[in-house]
Amino acid sequence: MIPVILIQQKKYIRQFEKLAATSSDSAIVPEEYGIRKSLAFNKLLRQQIITEGDDGRYYLQKLRADEHRKKRREILIVLLIVIISALILLAIAVDYFSGDTLLHIAG
């Protein structure tokens, strides 16, 4: 469920950027552009990445959107490092406990 929300958030941010809805002057009515006020949209509102302006119009806080992207990228990098480290440790453990380690073969 979470990846779906993240994908939808990314889509909404891109749509607001494409429409140049990045200030109160250029704010849009989301429904006019097929943007639903879904769970993902509401989460962006709570995170203040999208802001409600006047008359039900919304706009993207560009700086917050960029920070959001950077944070997601950092989390992904850390997650990849953890996964790769775990795989390396697993390979070492399997090699060690199988008894066919390079040290035993060479010695």
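Nothing in this text is a laboratory measurement; each read-out follows from the coordinates by a stated rule. It should be emphasised that the depicted structure is a prediction, and the values quoted were computed from it without experimental measurement. For neighbour counting, all protein chains shown are included, and Cβ atoms are generated from backbone atoms with ideal geometry for every residue, glycine included.
Within region 11-29, restricting attention to residues that are within 20 Å of the chain's Cα centre (by Cα) and not hydroxyl-bearing (Ser, Thr, Tyr), the residue that is surrounded by the fewest Cβ atoms within 10 Å (Cβ to Cβ) is 18.
Condition first: of a type outside the set (A, V, I, L, M, F, W, C), touching a strand residue (DSSP E or B) at 6+ places or on another chain (Cβ under 7 Å) and outside any loop (DSSP other than H, G, I, E, B). Now tell me which residues in region 21-35 satisfy that. So that I can check it myself, show each step before the final result.
Of the residues in region 21-35, the ones of a type outside the set (A, V, I, L, M, F, W, C) are 22-26, 30-34.
Within this subset, residues satisfying the condition of being touching a strand residue (DSSP E or B) at 6+ places or on another chain (Cβ under 7 Å) are 22-24, 26, 30.
Listed by number, the residues that qualify are 24, 26, 30.
Consider residue 9 carefully, then state whether it is closer than 20 Å to residue 76 by Cβ and of a type in the set (S, T, N, Q). Outline the logic, then answer.
Values: closer than 20 Å to residue 76 by Cβ: yes; of a type in the set (S, T, N, Q): yes.
Answer is yes for this residue.
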